[in-house]
Amino acid sequence: MQFFKSLAKQSHGLKDKLKEAGIADEPEDYIKKTFITAIMMSFGLTFFLAILIKPILAISFVILVPIFYSYYLRYVDMKIILIKKKIDEEIIFAGRFLIIELESGVPITKAFANLEKNYEYVGAYFGDIINKAYLGTTLENAINDTIINTPSPNLRKILWQVLNSLKTGADIGPALNSVIDQIVKEQQIAVKDYGKKLNPFAMFYLMISVIVPSLGTTMIVVVATFMDLSIKLPFLLALAGFIGFIQFMFMSIVKSTRPPISTQ
């Protein structure tokens, strides 16, 4: 439909993002699925709210549709970030594995196939290169396509070195070692920066998740005692759920800010 095509045109770079995220849909098809999902989720939540408060039925539906649409449209970006992190967790050891294979005299296509077997995320891109080569695409063009579609700058650097070595016939080992050493240094810097961020995070966690709930609950009990108020069990359960939600959100934030480090 023209409506979905116009929405797709407004989402600049969506086609490239879909490729990076490994989603095979065309932009207008993805927009259509996103729009329909947003309407279904909005209808379901509006129906639930209508059972509780009927007057807000129409208002909530109008508000929820764009909210859910924006959320699901951001799914591509979230998937790209997740794939990039997973690639960067494997990239150092995968790169060293590739160097050992090539310096041992293993043919480059066989080295790519072995890398695919041993590394889930990085190997998927090298497996895609092999599949394209088997279907008739030249190895250089297959590598170049992967360079364009990968969301990881680190993997892009390694593939550039492989591509340059294939074109010039230069020894690939020193160039790849230099790139991997650079990636290691970048990860070390990221870890140090992350360590500095953890100190205020720890203070915030102690304040929000330990001190405030314990002292706040104590104050509520004391005030309720002096004012002769009864504290019901549902209130305490709701308070405990709220504190648990805050802690969950805090841990999610800490986990999302952790830099991707090669751990194999």
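How much of the pair distance distribution for the stretch 66-188 lies past 22 Å, counting alpha-carbon pairs only, in percent? All intermediate terms of the calculation are to be shown ahead of the outcome.
Details: 2622 of 7503 pairs.
The calculated P(r) of the stretch 66-188 puts 35 percent of pairs beyond 22 Å.
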Task: Check: the chain dipole with +1 on Lys, Arg Cβ and -1 on Asp, Glu Cβ, in debye - done: 580 debye
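If packing is taken as the average count of other Cβ atoms within 10 Å, what order do 81-94, 164-177 fall into, highest mean first?
Details: 81-94: 19.9, 164-177: 13.8.
Packing proxy ranking, top to bottom: 81-94, 164-177.
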- [ ] Return the single residue from Ile220, Ile31, Ile143 with maximal mean-square fluctuation; model: Gaussian network over the chain, springs between Cα atoms under 10 Å.
- [x] Ile220
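Set the Förster radius R0 to 25 Å, insert the Cβ-Cβ distance between Ile231 and Met207 as r into 1/(1 + (r/R0)^6), and round the FRET efficiency to 0.05. Mind showing how you got there, number by number?
Working: r = 24 Å, r/R0 = 0.95.
Here the calculated transfer efficiency is 0.60.
Would you work out the relative contact order for the chain, in percent, from Cα pairs under 8 angstrom that are 6 or more residues apart?
For the chain, the relative contact order is 18 percent.
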Task: Percentage relative contact order, the stretch 117-264, counting C-alpha pairs under 8 Å, at least six apart - done: 17 percent
- [ ] Only Lys, Arg, Asp and Glu count, each charged at its Cβ (+1, +1, -1, -1), so figure out the dipole size of the stretch 88-183 about its Cα centre, rounded to 20 debye.
- [x] 220 debye
Open item on the list: What lysines does Lys32 reach when the alpha-carbon gap must be under 30 Å and sequence neighbours fewer than 8 apart in one chain are set aside?
Closed with: Lys5, Lys9, Lys15, Lys17, Lys19, Lys54, Lys79, Lys84, Lys85, Lys86, Lys132
TODO: Scan [x] 43, 22, 16; [y] 48, 30, 13; [z] 37, 22, 19 for the value of semi-axes √(5λ) of the Cα gyration tensor in Å calculated from this model and give just the label.
DONE: [y]
Open item on the list: Show me, bin by bin at 5 Å from 0, the whole-percent P(r) of the stretch 197-257 based on Cα pairs.
Closed with: 4, 17, 22, 21, 14, 10, 7, 4, 2, 0
TODO: Select from Val76, Val65, Val212 the residue whose mean-square fluctuation is largest in a Gaussian network model of the chain (Cα-Cα springs shorter than 10 Å).
DONE: Val212
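None of the figures in this text is laboratory data; all of them are computed from the coordinates on show. What you are looking at is a predicted structure, and each value in this text was computed from that prediction instead of being measured. Using ideal geometry, Cβ is built from the backbone for each residue, glycine included, and neighbour counts are taken over all protein chains shown.
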